[in-house]
Amino acid sequence: MNAALNTGNRKVAEISLVESPDVPRIGVGEATVPNINRTLAIIGIDELEFMKATDARQAVLVDLDYALDDEIWLEPTVGHTVGHVAIHLKSGRHHAVMCGDLIHTPLQLAEPGWTPTFEYDMAASANTRKTFLNEHCESDTLVLTSHFPSPSIGHIVSRGTGYDFTYAGNIDD
């Protein structure tokens with residue numbers, strides 16, 4: 001790429017290769033090249049052709065409230081870790097949400113304010129969890145949890161002053 005970028009009188013980039021017999025080669029891995037699209041355009045290489053020829057994949061960073069379309073979108077669920085999101089899926093009249101680490105245990109349904117000590121922001125985590133539970137309680141939204149007993153899919157329902165989880169039976173209905 002260096003040769004392609006720096007042809008003729010044009011010097012777009014300076015690339016240095018540092019090798020040492022004391023540092024072993026670790027093999028081919030992932031590269032982070034934030035401006036690869038621009039670089040390929042400058043040197044006249046089609047991005048899709050480049051990706052096919054190199055069997056490359058590209059991850060794209062998105063905002064926490066990103067929506068791919070009307071059927072797949074993210075919802076920020078702050079408190080657990082920086083950047084934690086719930087993933088919404090919709091098809092026709094069906095709606096599901098993968099809540100990830102927002103709810104670690106069914107105990108947090110009865111006591112939404114209970115927060116593990118490893119949460120980066122315990123107060124935000126509890127508030128986010130309460131908002132999520134209020135929003136999806138007694139709704140048709142199918143909630144996909146990460147840490148509940150199998151099948152870990154069901155609906156949030158009210159129970160006293162807290163919530164409970166009704167595990168899904170036949171989800172084809």
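Bear in mind that the values in this text are calculations on the coordinates, not laboratory data. On a predicted model such as this, the values are computed, not experimentally measured, just so you know. A quick note on method: Cβ atoms are made from the backbone with ideal geometry, for glycine too, and the neighbour counts reach across all protein chains shown.
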Rounded to two decimals, the Debye log10 I(q)/I(0) of segment 134-173 (Cα scatterers, no solvent) at q = 0.15, 0.29 Å⁻¹ is -0.33, -1.06
Ranked by how many other beta carbons lie within 10 Å on average, peptides 48-56, 75-83, 109-117 from highest: 75-83, 109-117, 48-56
Size of segment 71-110 along its principal axes in angstrom, Cα-based, largest extent first? 31, 24, 10
FRET E, pair LEU89, ASP164, Förster distance 25 Å, beta-carbon r, rounded to 0.05: 0.65
Computed FRET value (nearest 0.05) for ASP70 with PHE118, which takes r as the C-beta separation and R₀ as 45 Å: 0.80
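Calculate how large, on average over all directions, the projected area of the Cα convex hull of segment 72-167 is; give the answer in nm² to one decimal.
Working: hull surface 22.9 nm².
Computing the convex hull of the Cα atoms and averaging its projections yields 5.7 nm².
Given the convex hull of the Cα atoms of segment 85-133, what is a quarter of its surface area in nm²?
Details: hull surface 14.9 nm².
So the Cα hull casts an average projection of 3.7 nm².
For Cα pairs less than 8 Å apart in space and 6+ apart in sequence, what is the mean separation divided by the residue count of segment 72-167, i.e. the relative contact order in percent?
Working: 190 pairs, mean separation 25.9, N = 96.
27 percent.
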